[in-house]
Amino acid sequence: MTDLVIGAGLMGITSAYELLKRGRAVTILEELDGPALGASYANAGMLTPSMSDPWNSPGVYKYLVKSLFNPSSSMRLRLNTIPTLLGWGSKFLRYSSEPYFKAALKDNFNLTSYSLTKTKEIAERYDLKYCRKSEGTLSIFNTQEDFSIKENLYKSLNKMGLQCSVLNPDEIVSLVPSLSSISSKLYKGIHYHQDESGDAHLFCKALLKKFLELGGQVKYGVPLKSLTIANNKIIGINTDSEHIVASNVVIAAGANSPKLLRAEKVNLDVKPAKGYSLTINVDGVSGLPALPVLNDAMNVVVTPLGNRLRLVGTAEFAGFDLSIDKKRIASLFEMFKIIYPEVASQVDPDSAIPWAGLRPMSCDGKPFIGATKIKGLYINSGQGPLGWTLAMGSANLLADIMFDIPTEIDARPFSLLRAHRNMSM
Ligand SMILES: Cc1cc2nc3c(=O)[nH]c(=O)nc-3n(C[C@H](O)[C@H](O)[C@H](O)COP(=O)(O)OP(=O)(O)OC[C@H]3O[C@@H](n4cnc5c(N)ncnc54)[C@H](O)[C@@H]3O)c2cc1C
């Protein structure tokens, strides 16, 4: 009998591949017409153990409250979505306490580091083509105040094993010469050596091709409608037109995952956080950067992906709305002009391709990976802003759990049934 994986995004494709590799027959069901057309389509392309910090950091509530009155805020809460966020939102805020944040940072760092190793292994094993770059990422800061906000975080991560160097403006320019025209405005930078980057959509397509060659199957245009359960065990799923029998079902449907579990009273604390990207073809453009550069204070990143640059910024709690706000896109391009004035001057803003996607955000900043209370029903979801970084690691944990073999890192912090032991911290 087959295992079914619901969703052909980063989590679905990597999970399906790892199950197949361990000897299962696996079929992926995807409601859209191709692979990785949801959140995994045009993300910022960074694989970043350096960003293992959950978004619900101490003090996040002040930021969110302010954002209600500032439409251009980089992380924004929309007033009309507050009712839909009540239960999840109160947990999101409660989990932002200092002790919980520190514990979650460590858990996430273990998983991001493990995941990056697994991503590199598979990229090299199959020579996957996805505009991969291994030069790290660079965070730049214009003021001492901006830098000091990140100082504690990078020092904590450094103690956990993250390699990074603090750079002065001259060192920044020798690493990324295209920043020379703004060097007088730079205060410091942090180069995270181990981070990587690459196009998640191309990665998904390349890994899916391998999965199919190895005997896996995928069906597009097939939305899961409901699960069939008997005696607390999964026996299959229902689409609009058929019942499909399955031994195991993995829900890897991104921000949609909670909806698919609600009828079975499996509560998954995941909500969508919308983000925008702008992809620019830079054929013939000179002075291009070789690695992703982030301006933390502006909350924008510019990632080189082959003959394209991708600009990404902003997070909005706006429900499942995927409409493109032109002002957000215009402001992304304005930030691009501030970081790379010379590169931006060679680019026609109208040729840039805007996109919006929904990060599946968990209430406590860590993904949900593993078994549910229903036998044979598993989850791999809630990776939020780190889903590309976490995909291969999450898939390996999930597959080992399903095969009941020891996981290579501690999987308990990511269990769906994790005791909310830290809530009192
Ligand atoms: C703007 C932006 C920038 C980002 N940048 C980064 C980054 O630089 N680094 C990083 O690590 N992460 C980044 N992320 C996060 C990362 O992209 C996501 O965490 C990741 O793509 C989530 O993958 P997923 O497979 O869980 O969800 P998705 O990619 O959304 O896949 C879920 C799939 O399930 C399908 N589905 C849903 N319901 C059903 C159903 N009923 N039946 C069948 N199929 C269904 C959907 O169609 C979809 O294809 C970014 C995200 C955004 C939005």
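Structure summary
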read-out	value
Charge context of Glu408, other residues only, Cβ under 13 angstrom, K/R +1, D/E -1	-3
Gain in span if fully extended, Lys337 to Met1, counting 0.36 nm per residue against the direct Cα distance	115.5 nm
Contour minus Cα-Cα distance for Val166 and Glu121 (0.36 nm per residue)	13.4 nm
In degrees, nearest ten, helix 326-339 long axis to first principal axis of the chain (Cα)	50
Fraction of beta bridges assigned by DSSP in the chain that are antiparallel (%, nearest 5)	70
Among Ser184, Ser394, Ser57, residue whose mean-square fluctuation peaks in a GNM of the chain (springs only between Cα atoms under 10 Å)	Ser184
Asn307-Lys373 pseudo-label distance in nm [points 7 Å out on the Cα-to-Cβ vector]	5.5
Whether the chain is rounded, prolate or oblate, judged on the alpha carbon gyration tensor where a/c under 1.5 counts as rounded	prolate
Rg/Rh for the stretch 147-306, where both radii come from Cα atoms and Rh is the Kirkwood radius	1.11
Unit charges at the beta carbon, dipole of the chain: most positive-side option, Phe211, Ser181, Thr239	Thr239
Counted charge near Pro341, where neighbours are those whose Cβ lies closer than 13 Å (Asp, Glu -1; Lys, Arg +1)	0
Most positive-pole-ward Cα, Ile251, Leu32, Leu86, against dipole of the chain from beta carbon charges	Leu86
Value of [θ]222 nm, deg cm²/dmol, for the chain, DSSP H segments ≥ 4, -39500 (n - 2.57) each, nearest 500	-10000 deg cm²/dmol
Separation of the Ile353 and Asp33 label points, Cα + 7 Å toward Cβ, nm	1.5
Gaussian network model of the chain, Cα within-10 Å springs - most flexible of Asp240, Asp146, Asp53	Asp240
Burial order of peptide ranges 29-39, 171-181, 251-261 (average beta-carbon count within 10 Å, highest first)	251-261, 29-39, 171-181
Contact order relative to length of the stretch 3-424, as percent, for alpha carbon pairs under 8 angstrom and 6 or more apart	26
In Hz, Karplus ³J(HN,Hα) per residue of the stretch 173-180 (6.51, -1.76, 1.60; θ = phi - 60°; x = Gly, Pro)	5, 6, 6, 10, x, 5, 8, 4
Nearest-0.05 FRET efficiency for Leu212 and Glu145, computed from C-beta distance (R0 60 Å)	0.70
Local electrostatic count at Gly382 - Lys and Arg +1, Asp and Glu -1, tallied over other residues with Cβ under 14 Å	+3
For Arg262, Arg310, order by how many other beta-carbon atoms lie within 10 Å, fewest first	Arg262, Arg310
Overall form of the stretch 163-231 per C-alpha gyration tensor (a/c, 1.5; a/b vs b/c)	prolate
Acute angle (nearest 10 degrees) that the helix 10-21 long axis makes with the longest principal axis of the chain, alpha-carbon atoms	50
Neighbour-count ranking [beta-carbon atoms within 10 angstrom, fewest first] of Met46, Met298, Met1	Met1, Met298, Met46
Sorted by Cβ neighbour density within 10 Å, fewest at the top, the residues Lys185, Lys205	Lys185, Lys205
Rounded to the nearest 20 debye, dipole of the stretch 113-236 from Cβ charges on Lys, Arg, Asp, Glu	760
Additional length obtainable on full extension of the chain from Lys225 to Ser345, 0.36 nm per residue less Cα span	38.3 nm
Degrees between helix 200-213 axis and first principal axis of the chain (Cα, 0 to 90, nearest 10)	30
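Taken together, the values in this text are just the output of simple stated rules run on the coordinates, not laboratory data. Just so you know, these numbers come straight off a predicted model, no measurement behind them. FYI the Cβ positions are ideal-geometry reconstructions off the backbone, even for glycines, and counts take in every protein chain you see.
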